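S.K.: Mind having a look at this structure? Questions to follow.
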Amino acid sequence: MYVRQLGVDWFECLAPAKLNLFLEVRGRFPDGYHELETVMCGISLYDTLWFQSVQEHTNVELEVVPVGAPFADVPRGADNLLVRAVTLLQRAQGVAVGARLRLFKRIPTQAGMGGGSSDAAAALLLANQAWGLGLTRSQLLPFAAELGSDVSFFLGDSPAVCRGRGEQLQPYLGAIPRQFVVVKPNEGLATAEVYRELSLDQPPRPLPAKLGDAQIFNRLQEPALALLPKLNQLMDRMRILGLSPWITGSGSALFAACAGRVRALRSANQLR
């Protein structure tokens, strides 16, 4: 992610979606959160976030502009993760001005693609820049960890291994595919519901040294399929095309690695 200035007082950041190329649930913490080990990579689907510092008040205002993707309701107020991100930084740093945000939303919601977390990370970077706080990305990480498990990833390098609740990061040095096809049905899946359906009665898989077709894995796929059986039909269509589909995150988006851009575009057009 990077921040650039638009005109006199607006700043812009592109917030990418992510895919989970490996996701294992290694246990449950005493507070009920799950212990994860996952490899995530950013992709070229992104939201665009604009940020303007406002001198007249200390409110954080959000406008959401949908751009051609299936969405559940996106909250505009304090329930929105990026509003919480800006408010958290504002209060922690004693900022006495407000903010106006405009989010051009392309990443579908309830998809397992990290759109809300990516938007929150972009909001932290934009607020830091627009308000002249001068914090490094390392200094922003505690705020990211407080906001949610995936937010920290979007402040760092991609691909990355994320452990714990997702806040423990290190670069993933193994080989990964570079071209993907992503399929998102109109229906979404709530992360909490998928985790409630999860069984931890199987031994955890070790993290592979590389992530080709044969090594991609997601422990949440089985409960996601149980909650949204329609995904089985979409996966069958992808397999007919010679693809090996997996769910990303808690779903409902599916993805498959492709050997080259031409193959990926052909497969996407056939699935569309």
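The values are calculated or read from the model by the stated rules, or taken from the named source; none is laboratory data. Because the structure is a prediction, the values reported are computed rather than measured. Here Cβ is always computed from backbone atoms with ideal geometry, including for glycine, and neighbour counts include all displayed protein chains. These area figures cover heavy atoms from the full protein model, side chains too; ligands, DNA and RNA do not enter into them. Shrake-Rupley method; radii C 1.70, N 1.55, O 1.52, S 1.80 Å.
S.K.: Consider Phe153 carefully, then state whether it is open to solvent by less than 40 Å² (accessible area, probe 1.4 Å) and under 15 Å from the mean Cα position of the chain (by Cα).
M.R.: Working: open to solvent by less than 40 Å² (accessible area, probe 1.4 Å): yes; under 15 Å from the mean Cα position of the chain (by Cα): yes.
The answer is yes for Phe153.
S.K.: Let me ask something else. Take the residues of segment 11-36 that are modelled with pLDDT of 95 or more and open to solvent by 20 Å² or more (accessible area, probe 1.4 Å): which is farthest from Leu49 (Cα to Cα)?
M.R.: Pro16
S.K.: Filter segment 201-244 down to the residues that are touching a strand residue (DSSP E or B) at 6+ places or on another chain (Cβ under 7 Å) and among the charged types (D, E, K, R), then identify the one that is farthest from Arg272 (Cα to Cα).
M.R.: The residue in question is Arg205.
S.K.: Specify which of the listed residues (Leu254, Leu243) is touching a Pro at 6+ places or on another chain (Cβ under 6 Å), at pLDDT 95 or above and at negative phi.
M.R.: Details: Leu243 fails: touching a Pro at 6+ places or on another chain (Cβ under 6 Å).
Just one listed residue meets the conditions, Leu254.
S.K.: Restricting to segment 122-144, count the residues that are within 13 Å of Phe51 (Cβ to Cβ), in a helix (DSSP H, G or I), open to solvent by 10 Å² or more (accessible area, probe 1.4 Å) and of a type in the set (A, V, I, L, M, F, W, C). I'd like the intermediate steps shown before the answer.
M.R.: The initial filter retains those residues of segment 122-144 that are within 13 Å of Phe51 (Cβ to Cβ), namely 122-133.
Subsequent filtering for residues that are in a helix (DSSP H, G or I) retains 122-130.
When the remaining residues are screened for being open to solvent by 10 Å² or more (accessible area, probe 1.4 Å), the result is 125, 128-130.
Filter once more, keeping what is of a type in the set (A, V, I, L, M, F, W, C): 125, 130.
Total satisfying the criteria: 2.
S.K.: Scanning segment 72-121 for residues that are surrounded by fewer than 19 Cβ atoms within 10 Å (Cβ to Cβ) and of a type in the set (Asp, Glu), which turns out nearest to Thr58 (Cα to Cα)?
M.R.: So, considering only residues that are surrounded by fewer than 19 Cβ atoms within 10 Å (Cβ to Cβ) and of a type in the set (Asp, Glu), the one nearest to Thr58 (Cα to Cα) is Asp79.
S.K.: Need the failing condition index for Leu103 against (1) outside any strand (DSSP E or B); (2) within 26 Å of Gly249 (Cα to Cα), just the number.
M.R.: The one condition Leu103 does not meet is (1).
S.K.: Of everything in segment 121-138, what is more than 9 Å from Val86 (Cβ to Cβ) and among the hydrophobic types (A, V, I, L, M, F, W, C)? Give them in sequence order.
M.R.: Answer for segment 121-138, where residues must be more than 9 Å from Val86 (Cβ to Cβ) and among the hydrophobic types (A, V, I, L, M, F, W, C): Ala121, Ala122, Leu125, Ala130, Trp131, Leu133, Leu135.
S.K.: Tally time: how many residues in segment 223-255 are open to solvent by 30 Å² or more (accessible area, probe 1.4 Å), part of a loop (DSSP other than H, G, I, E, B) and of a type outside the set (A, V, I, L, M)?
M.R.: 3
S.K.: Mind checking which residues of segment 172-191 are outside any loop (DSSP other than H, G, I, E, B) and at pLDDT below 95? Write out each step before concluding.
M.R.: Step one: filter segment 172-191 for residues outside any loop (DSSP other than H, G, I, E, B), giving 180-183, 191.
Result: Thr191, single match.
S.K.: If a residue must be free of Cβ contacts under 8 Å to residues at least 60 places away in the same chain, over 18 Å from the mean Cα position of the chain (by Cα) and open to solvent by less than 70 Å² (accessible area, probe 1.4 Å), how many such residues does segment 175-222 contain?
M.R.: Adding up the residues that qualify gives 3.
S.K.: Residues to consider are Asp47, Asp79; find the one that is assigned to a strand (DSSP E or B) and charged (D, E, K, R).
M.R.: Numbers: Asp79 fails: assigned to a strand (DSSP E or B).
Of the residues listed, the single one that is assigned to a strand (DSSP E or B) and charged (D, E, K, R) is Asp47.
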